[in-house]
1. Looking only at segment 100-113, count every residue that is touching a strand residue (DSSP E or B) at 6+ places or on another chain (Cβ under 6 Å), in contact (Cβ under 8 Å) with a residue 40 or more places away in the chain and assigned to a loop (DSSP other than H, G, I, E, B) and tell me the total.
2. Within segment 56-71, is even one residue more than 14 Å from the chain's Cα centre (by Cα), more than 17 Å from Asp104 (Cα to Cα) and at pLDDT below 95?
3. In segment 40-79, what residues are buried (at least 19 other Cβ atoms within 10 Å of the Cβ) and out of contact with any Asp or Glu (no Cβ under 9 Å at 6 or more places or on another chain)?
4. Mind counting the residues in segment 32-47 that are modelled with pLDDT of 95 or more, within 18 Å of Ala59 (Cα to Cα) and in a strand (DSSP E or B)?
5. Mind checking which pairs have a first residue in segment 82-96 that is at negative phi and surrounded by 16 or more Cβ atoms within 10 Å (Cβ to Cβ) and a second that is of a type in the set (Lys, Arg) and not in a loop (DSSP other than H, G, I, E, B), Cβ under 6 Å, 6 or more apart or different chains?
6. Does segment 48-98 hold any residues that are among the aliphatic types (A, V, I, L, M), closer than 17 Å to Lys30 by Cβ and not in a helix (DSSP H, G or I), and which are they?
Amino acid sequence: MNRMIKAKWAFAVLLALSCVSANAGSQVGKVTGLLVRATDGLVYFEIEGGVASDKPACATKTYWMIRDENSEVGKKQYAMLLAAQASGRELAVRGMNTCNRWGDGEDVNWLQLR
């Protein structure tokens, strides 16, 4: 009986995780706006050249947020944003289906320079 309950919980967790990643926003285009605030370290950016798809309901604005600008990943993402903007190359962005960093912009999961 215990194994069956554990299996059901494991299945429920896997199902929930797969739904989160399936509904995350995505967009490809050129970085057109990049803002870094001194007051709280917030880093957000906008992309032109394509409409974002599958963004969560909380993401009512067109910008994307680096979730944790102080982390190693956040610093790498910021560097990639600067490189994309300076070079004029396209950037692909995939969200996390959350708006944790700021309430109306989706948190970035990954970036890809194209």
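1. Within segment 100-113, residues that are touching a strand residue (DSSP E or B) at 6+ places or on another chain (Cβ under 6 Å), in contact (Cβ under 8 Å) with a residue 40 or more places away in the chain and assigned to a loop (DSSP other than H, G, I, E, B) number 1.
2. Among the residues of segment 56-71, not one is more than 14 Å from the chain's Cα centre (by Cα), more than 17 Å from Asp104 (Cα to Cα) and at pLDDT below 95, which makes the answer no.
3. Tyr44, Phe45, Glu69
4. Our first condition is that a residue be modelled with pLDDT of 95 or more; within segment 32-47, this holds for 34-47.
Filter once more, keeping what is within 18 Å of Ala59 (Cα to Cα): 34-35, 42-47.
Still in the list and also in a strand (DSSP E or B): 34-35, 43-47.
Here the count works out to 7.
5. Pairs that qualify, where the first residue is at negative phi and surrounded by 16 or more Cβ atoms within 10 Å (Cβ to Cβ) and the partner is of a type in the set (Lys, Arg) and not in a loop (DSSP other than H, G, I, E, B), are Glu90/Lys30.
6. Within segment 48-98, Val51, Ala52, Leu91, Ala92, Val93 qualify.
The values are calculated or read from the model by the stated rules, or taken from the named source; none is laboratory data. Only a predicted model underlies this, so the values are computations on that prediction, with no experimental measurement involved. Virtual Cβ from ideal backbone geometry, glycine too; neighbours counted across all protein chains shown.
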